[in-house]
Structure formats: C-alpha cells, structure tokens
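A short write-up of the structure that comes next.
The values are calculated or read from the model by the stated rules, or taken from the named source; none is laboratory data. Please read all numbers here as calculations on a predicted model, not as lab measurements. All Cβ positions, even for glycine, are placed from backbone atoms using ideal geometry, and neighbour counts span all protein chains on display.
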Amino acid sequence: MTFLALAIGIGASAVGQLAIRTIVENFPDVRLVHGIPLVLIVVVVAMTIVLDLFGGVIFDFDVKTGYHSVFRKLDQTVAEMEKLRG
C-alpha cells in the first residue's frame with residue numbers, strides 16, 4: 001500500500017507529470033489509460049506484485065538487521081527479570 005501511495009504521489013507531482021509528458025512526446029503511439037502510459041501502469045503493477053510476494057522477506061531482513069541489538073537487549077532484560085523473580 002505504501003508503494004502504491006508513493007507511486008500515485010509521484011505520478012501526480014510536477015516531476016511525475018514531466019516524466020509522463022516526456023514519454024508521450026518521445027513515443028507518440030504509446031497507449032494511454034486515463035492519460036497515463038500503459039507501460040508505467042504495468043511497471044507499477046509488477047513492482048506491487050513483487051513487493052507483495054517478497055514483503056515478508058523484506059520485513060524479516062529489516063527487523064534482523066535494524067533491530068537486532070534492540071531485541072538482544074530486550075532478551076537480556078527479560079532474562080535479568082526472570083533471574084530476579086526466581
């Protein structure tokens with residue numbers, strides 16, 4: 001959902017509109033869907049599918065690399081609390 005929101009925002013921005021205009025000017029026979037080149041729609045859909053398929057792997061990688069030290073410290077804190085309780 002975040003990727004789709006970013007893609008829509010970029011497409012509506014001045015830079016996105018310039019990119020769309022450039023594509024249409026350079027390839028006048030490109031097929032448009034509501035003023036957006038079909039090629040861009042296909043790319044966004046393909047990227048969305050890839051992110052959906054690999055979202056869990058990306059999340060796990062992010063958690064393991066970015067929060068490893070936090071989880072290690074949390075485990076140490078829980079172990080100390082168990083030790084104090086026992």
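Limited to the stretch 26-55, what total is found for residues that are small (G, A, S) and at pLDDT below 95?
Within the stretch 26-55, the subset small (G, A, S) is 35, 46, 55.
Of the ones still in play, those that are also at pLDDT below 95 are 35, 55.
So the answer is 2.
Taking the conditions exactly as written (surrounded by 10 or more Cβ atoms within 10 Å (Cβ to Cβ), at pLDDT below 90, in a helix (DSSP H, G or I) and under 21 Å from the mean Cα position of the chain (by Cα)), does D62 satisfy them or not?
Numbers: surrounded by 10 or more Cβ atoms within 10 Å (Cβ to Cβ): yes; at pLDDT below 90: yes; in a helix (DSSP H, G or I): yes; under 21 Å from the mean Cα position of the chain (by Cα): yes.
Yes; evaluated as a whole, the condition is true for this residue.
Which of the residues that make up the stretch 28-44 are out of contact with any strand residue (DSSP E or B) (no Cβ under 8 Å at 6 or more places or on another chain) and farther than 21 Å from T2 by Cα? Walk me through how you get there before you give the answer.
Residues of the stretch 28-44 that are out of contact with any strand residue (DSSP E or B) (no Cβ under 8 Å at 6 or more places or on another chain), as a first pass: 28-29, 32-37, 39-40, 42-44.
Listed by number, the residues that qualify are P28, D29, L32, V33, H34, G35, P37.
Step by step: first the residues of the stretch 33-45, then only those that are without any contact (Cβ under 8 Å) to a residue 40 or more places away in the chain and assigned to a helix (DSSP H, G or I), then the one that is surrounded by the most Cβ atoms within 10 Å (Cβ to Cβ). Which residue is that? Please lay out each step first, then the result.
Step one: filter the stretch 33-45 for residues without any contact (Cβ under 8 Å) to a residue 40 or more places away in the chain, giving 33-43, 45.
Then keep just the ones that are assigned to a helix (DSSP H, G or I); that gives 38-43, 45.
Details: L38: 11, V39: 12, L40: 18, I41: 16, V42: 11, V43: 12, V45: 12.
Once the filter is applied, the top-ranked residue is L40.
Taking D29 as the residue in question, decide whether it is part of a helix (DSSP H, G or I) and without any contact (Cβ under 8 Å) to a residue 12 or more places away in the chain.
Details: part of a helix (DSSP H, G or I): no; without any contact (Cβ under 8 Å) to a residue 12 or more places away in the chain: yes.
Taking the combined requirement at face value, the residue does not satisfy it.
Give the stretch 7-21 a look and list any residue that's of a type in the set (S, T, N, Q) and surrounded by 13 or more Cβ atoms within 10 Å (Cβ to Cβ), or say none.
First, the residues of the stretch 7-21 that are of a type in the set (S, T, N, Q): 13, 17.
The answer is Q17, and nothing else.
Restricting to the stretch 65-86, name every residue that is surrounded by fewer than 10 Cβ atoms within 10 Å (Cβ to Cβ) and either part of a helix (DSSP H, G or I) or of a type in the set (S, T, Y) (or both). Walk me through it before giving the result.
Narrowing the stretch 65-86 to residues surrounded by fewer than 10 Cβ atoms within 10 Å (Cβ to Cβ): 65-66, 69, 82-86.
Selection gives T65, G66, S69, E82, K83, L84, R85.
Going through T48, T2 one at a time, which residue ends up being within 18 Å of the chain's Cα centre (by Cα) and in contact (Cβ under 8 Å) with a residue 40 or more places away in the chain?
Working: T2 fails: in contact (Cβ under 8 Å) with a residue 40 or more places away in the chain.
Matching residue, one of T48, T2: T48.
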